[in-house]
């Protein structure tokens, strides 16, 4: 096993493990911190794929900004185990059954696909900023511009809903 | 550096060549920004400025959309490196979306809840325009990324619109529920899309590689990926597994928004669904497709369940908006019948049905809005005896309901007739028994729907009002639009060829 | 070769780490001495000549003080807070180019730990993570003042990161690269093409507005006065580290000084030419050995860093603290629009002067 492979397996293990902890952690703050850890492992995976730009942007945007706001909101809300509404046993039972069925179906479906050949990156420079910029402004120009309008309208909406009216 | 300059140049040229086809969308984006700026600087001085810009702007966009019929070649144009495709069918859907947008804007002008909200109306109008923009992209999208983006676009703005009446508990609940369900649906869809991309290696669903990739892996895996992706679309058209959000959202949202949500996203969702189904089945000859039988079965089964759930649940409703919500679910089932029939006649039938449905449904909601302006209630109880007091509007309501039920002489009858005949035709060709069962269920459901639709005229005409309540004056603008819509519904019922003859793709 | 490289990098990392720790250590002394100077006092001058052993005495004091873990604190996160602060403060120095390659015969030693092609973004990413140390530690203290400090830290860091990023975009339009080494090397040319200004083509002359915005945001990101609201002692006792004692507190304070050092290094590299100095061409032409030029360059770089460190101290003892709403207004209503305008103007000017056609 090469260093890259063992790094991959390590990161993948940490990613899966910490994302499980995100779901199972009792304390929402811990959940968020595990989620940040997950983002870091994902960044590691990106860097293994030589996609440094995406990796770093993942840290800046998700770990550095969005998760800070998550943490911020959760700290303000002061969520804890006592204030969390408990589900009835029936609900839990139904949840387990549906989730289990979903898991079985997904495993069955995806298990039967043939394992792919080892992925070899064709162009090593694919993930670098310059190439990404070219793709973004050529092939994906339209989605890129649409996203800007989407964000603008979402921002209008957020301001609208949060604004306090002075009569 | 030189290299990049060339790339930028070529991409600019490409964009300049394509922008003429995107004129309505670009106009919408500009009007949106113009409205924000106008609201900031001049809204205090000129009353209703933003609303005026919105209505006139959308009207211009409507003309631009109509103009596109002449602009494009018959086989359509593929734009922006196969991100979107502008075809005649897409333009028809855009026409429908723009018309319903216009009607909803006019509706909102006089809705008492919106007029009295403390937020003011300016953001409301701009958001309606943005939703229209998103819907326009939805009907044209043919790339997984564009599909996802446009659906999110519509969803995000719809959440805000549903929760627009802040301070009103029901509206807030409606927005919150919509957002939560929508987030789950889009997450599921995104997962499905990532699987599809993994299987096929392309985002362009019309690409031959997309079909080949799906056909080469085993059916089970492909179906799971497709199902997960379809979940997001089913959410938009409120079809069976993703329909639970509908009643609460429709009830709590401001009435104009309910009218809009019950028509426009459904139109766009159906258009997208047809694109998607066609892409999945497009390899080789249609009969040789791997997925044809399974998609047909799936859609037929979903159509049956959706319409049955919708129509039967509607029987017990006492709130008119809730009732209309379940009726909307039922109608999604009927439209899915047309999609299941998967043929050219089926698509024309769907388009005609959507037209008719849009007219009648927006009309019915306009009447609900009219009544709620008059006596501030949406409960069936309070409709008692109103038929005599507001004769014109009530007669129009009856026409809309008859059309929604699908009885002659209204357009709804013709619409349903086309859908049924498309399904029968598909059965004749393919011999899939499920399609026949679907038609039988369709007929049964039509009969069931009669029961609950009938409750409204029953209360309007045959029951006496319990007490005299103070009534506000009805609104002239509303009455005019309602009557025009009712006349159209009758007209299309008698002369359906006037529209069918135009629909040609 | 492989192991030689690893040893070389390891040594470099150790040196950089030791240097930043020592600088941080002595910054405490410098800060206090300068504070005294500004306030017309003497300052600490008892431990050793000129008080030069004062930081050691402080260290010993912090290490030997009582460890206090509050009863209802989240123990793990309480300790993780200062550690995270220290961690994020130290790792950002990895991409700073401290000097040109040292060339001894055919042996080339790079004075940069890692030259990654997104170096600037890396720094930006690490800076944005810096807030976690404060947030985690402050929240875990289970103390209202700490929580308030935490929340201020979070909102302040997010707000100023936006303006900072926008300022950097304008800078990137000029430099055309994200690599730190590339940015610094690009500044070695002439200023506006004038003769005799080799080594003076610093970005600050091309992007003065971006520099100002970056400078202000740098203060905010380091939580230095006038932006030290997270630990504003007149309102919040000591802000996020109210409950932290002994070396845990020491780590927080230390992290702040390391952050100052690294930020000074980054701003010197981005806007003040890094290791470039006027007259380097002349020296090279005069036949001075290249490693001497490199070493002088390193010296020049550290002079610039020292200036900015002094600037930090100078501002702290000169300008009063902002009120919270003033802070937010400055960030969102002034710096962000200014930065956006700067991007637009930069684009137009570059187009007009033919840098892009």
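Computed from the coordinates by the stated procedures, all read-outs in this text should not be read as laboratory data. This one's a predicted model, so the numbers in the text were calculated from it and none came from an experiment. Virtual Cβ from ideal backbone geometry, glycine too; neighbours counted across all protein chains shown.
Tabulated data for the structure shown
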quantity	calculated
5 Å-binned pair-distance histogram of the range B:386-505 (Cα, whole percent)	2, 10, 15, 16, 16, 14, 10, 7, 5, 3, 1, 1
Of A:64, A:133, A:95, the one that fluctuates the most in a GNM where chain A has Cα springs shorter than 10 Å	A:95
Number of partner chain Cβ atoms within 10 Å, mean per residue of B:72-80	1
Alpha-carbon gyration tensor eigenvalues x 5, square-rooted, for the range C:60-201, Å	40, 21, 12
Within a Gaussian network of chain C (alpha carbon springs, distance under 10 Å), most fluctuating of C:144, C:107, C:75	C:107
Global geometry of the protein assembly as shown, whether rounded, prolate or oblate, following the gyration tensor of its Cα atoms and the 1.5 cut on a/c	prolate
For chain B: relative contact order, % (alpha-carbon pairs under 8 angstrom, 6 or more apart)	13 percent
Binned Cα-Cα distances of the range B:291-505, short to long, each 5 Å bin given as a whole percent	1, 8, 15, 18, 17, 14, 10, 7, 4, 2, 1, 0, 0
Spin-label pair residue C:75/residue C:108, simplified geometry with 7 Å Cα→Cβ offset, distance in nm	5.3 nm
Span from the the range A:48-69 Cα centroid across to the the range B:258-272 one, whole angstrom	36 Å
Relative exposure of C:225, C:197, judged by other C-beta atoms within 10 Å (fewest first)	C:197, C:225
Cα gyration tensor shape for the range A:1-82, rounded if a/c is under 1.5, else prolate or oblate	oblate
Gaussian network model of chain C, Cα within-10 Å springs - most flexible of C:64, C:294, C:177	C:64
Cα pair distances exceeding 24 angstrom across the range C:138-287, given as percent	45 percent
Distance from the range C:320-343 to the range C:232-306 (C-alpha centre basis), Å	25 Å
Spread of Cα-to-Cα distances over 10 Å intervals beginning at zero, given as percent, for the range B:174-227	25, 43, 20, 12, 1
Alpha carbon Rg of chain B, scaled by the compact-globule rule 2.2 N^0.38 Å	0.96
Chain A, relative contact order [Cα under 8 Å, separation at least 6], %	20 percent
Amide N of the range C:218-255 lying under 12 Å from the label point, which is placed 7 angstrom from the Cα of residue C:66 along Cα→Cβ	C:246
Dmax and Rg, reported as Rg then Dmax, of the range C:2-352 (C-alpha, Å)	21.1, 68
Tensor-based shape of chain A (alpha-carbon gyration tensor, a/c under 1.5 rounded, otherwise prolate or oblate)	oblate
Exposure proxy order (Cβ contacts within 10 Å, fewest to most) of B:388, C:173	B:388, C:173
Nearest 10 degrees, 0 to 90: helix C:246-271 Cα axis against chain C principal axis	20 degrees
Dimensionless Rg ratio for the range B:1-72, taking C-alpha atoms and the 2.2 N^0.38 Å reference	1.52
Viscosity 1.002 mPa s, 20 °C: Kirkwood-radius Stokes-Einstein D of the range C:235-295 over Cα pairs, µm²/s	142 µm²/s
Cα Rg over Rh - the range B:104-156, Kirkwood	1.13
The range B:291-505 - percent relative contact order, Cα under 8 Å, separation 6 or more	30 percent
Helix-only CD estimate at 222 nm, as mean residue ellipticity for chain C, using -39500 (n - 2.57) per DSSP H run (n ≥ 4)	-21500 deg cm²/dmol
Sorted by Cβ density within 10 Å, fewest first, the residues C:328, C:86	C:328, C:86
